[in-house]
Amino acid sequence: MSSAAGQIDLDKILKNKSIATWFQPIVSVKQHAIIGYEALSRGIHPCTQELIAPHTLFSVAEATNKLVELDRICREKALENYKPLSTLNERTLLFINFDTAIIDKGVVGSGNLISCVQRFGYNPASVVIEIIESKVCDIGALKSFVGKHKELGFLIALDDLGNGHSNLDRIFHVRPDIIKIDRWLISELDTDYYKQELFKALVYMAKKTGSLVIAEGVETEAEALASLEFGADLLQGYYFSKPQPLEVVCPLCFNKKLNHVSASFRHSKLRKITNDYCKKNDYHTLLLDVLTQLSKTTPDQFESTLQQVVLNTPLIQYLYVLNIAGTQITDSIGVPGSANGQTAGIFQADRSGTDQSLKDYCLFVQAGLETYMTEPYMSLANGKPCITYSIAFRDSTKNQYILCADFSP
């Protein structure tokens, strides 16, 4: 693609509408289907017919104050070029990018887009307007734009969420139908614990506010499986297909990759379910041995009993006992090295007397469950990922307590 911005005759490109549209599929692995295509525009050089990268094209348009005109032509060509794909399956969605920088220029609902959509015979409900909210300064204009287009039936997607520049308060203002999580967060999602937790938090927020989640920029099978495991509804990225010109797009060609990922996800999910079940059984069996010892003692002997167990069980980070009201009655007994020396001032193991009554591992046992196991979380005791397993027991005097164990995931 040409990148020489100074050699671009933008006026001629705009006059001749010399814009090529490439399409990238957005897939649902669980439905074994393509649910839509994102339309991506490239300029066509008037003389050489080389393709001009979108960043270069829009940079020239912004510098020459022709952003609105270019943006409209790109959307018009996307709608025109998408027609053959929509004919193959009327249920697929067309995702079109809206350069939200023009919202700050006063374009909040001129009727250009709906007129274009109607001219080509589309239902607005089959068109998704992608917005990069971080480019908009005027929140009022953004809300007005979104509100008007939602009333017309369009779907709204927030793009590039999680790329470090997104303002999460915009989600409240836009209330999108779809959230697209950025490639930065998807990269190495299968191995990076911090990205996994941030991804899950965004998914949780999306599901609670009624938005679908697309993981975009998926480039490997491992990233695809991790995105699905942590809650993504839809996937998009080079792993399935790079953006392609219309004449190259072949919907049937994606079936093999979809079937492969579907089978891999099913296998990994079943394996995880089995592993989690076995892990819980292992934790339970280990703690039953501890309970056998604790049940023969009194509270003043709990700590010495726990110290012996911790020394012989490398998977355990900390052991501690709560009374049934949720107050910790022993110190947190950990193996040597459990504390994170570099952040000892921030992360400290809880001591005897700490109120744990509002923690899930206490509340669930108080509610009648004999045992409870948390999801992995960052321990405030040492700054490391852990899982807490809790189980009710009685001491030698038949008083009830809760044994808690922090395990390394």
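The values are calculated or read from the model by the stated rules, or taken from the named source; none is laboratory data. Since this is a predicted model, take the numbers as computed values, not measurements. Every residue, glycine among them, receives a Cβ derived from its backbone with ideal geometry; neighbour counts consider all protein chains shown.
Are any of the residues in segment 1-18 within 19 Å of Ile131 (Cα to Cα), among the hydrophobic types (A, V, I, L, M, F, W, C) and buried (at least 21 other Cβ atoms within 10 Å of the Cβ)?
No, that holds for no residue.
Would you check which residues across segment 43-66 are surrounded by fewer than 22 Cβ atoms within 10 Å (Cβ to Cβ) and part of a strand (DSSP E or B) and list them?
Result: Ile44, Leu51.
So, in segment 192-227, how many residues would count as being surrounded by fewer than 22 Cβ atoms within 10 Å (Cβ to Cβ), in contact with a helix residue (DSSP H, G or I) (Cβ under 6 Å, 6 or more places away or on another chain) and closer than 19 Å to His267 by Cβ?
Of the residues in that region, 1 qualify.
Determine whether Val261 is surrounded by 13 or more Cβ atoms within 10 Å (Cβ to Cβ) and either of a type in the set (Asp, Glu) or in contact with a strand residue (DSSP E or B) (Cβ under 6 Å, 6 or more places away or on another chain) (or both).
no
If I ask for residues that are modelled with pLDDT of 90 or more and among the charged types (D, E, K, R), which ones from segment 119-165 would you list?
Hits for segment 119-165 are Arg119, Glu130, Lys148, Lys150, Glu151.
Just give me the residues in segment 1-43 being of a type in the set (Val, Ile, Thr) and at pLDDT 90 or above, in sequence order.
Ile13, Ile19, Thr21, Ile26, Val27, Val29, Ile34, Ile35
Filter segment 168-191 down to the residues that are of a type in the set (Val, Ile, Thr) and assigned to a strand (DSSP E or B), then identify the one that is surrounded by the fewest Cβ atoms within 10 Å (Cβ to Cβ).
Here is the first cut: in segment 168-191, the residues of a type in the set (Val, Ile, Thr) are 171, 174, 178-179, 181, 186, 191.
Still in the running and assigned to a strand (DSSP E or B): 178-179, 181.
On the way: Ile178: 23, Ile179: 25, Ile181: 28.
My answer is Ile178.
Exactly one of (1) in a loop (DSSP other than H, G, I, E, B); (2) closer than 22 Å to Gln356 by Cα is unmet by Thr313. Its number?
Condition not satisfied by Thr313: (2).
Listed residues Leu270, Leu258, Leu235; which is modelled with pLDDT of 90 or more, within 18 Å of the chain's Cα centre (by Cα) and either outside the structural domain of Leu319 (by TED's automatic domain parsing) or assigned to a helix (DSSP H, G or I) (or both)?
Leu235
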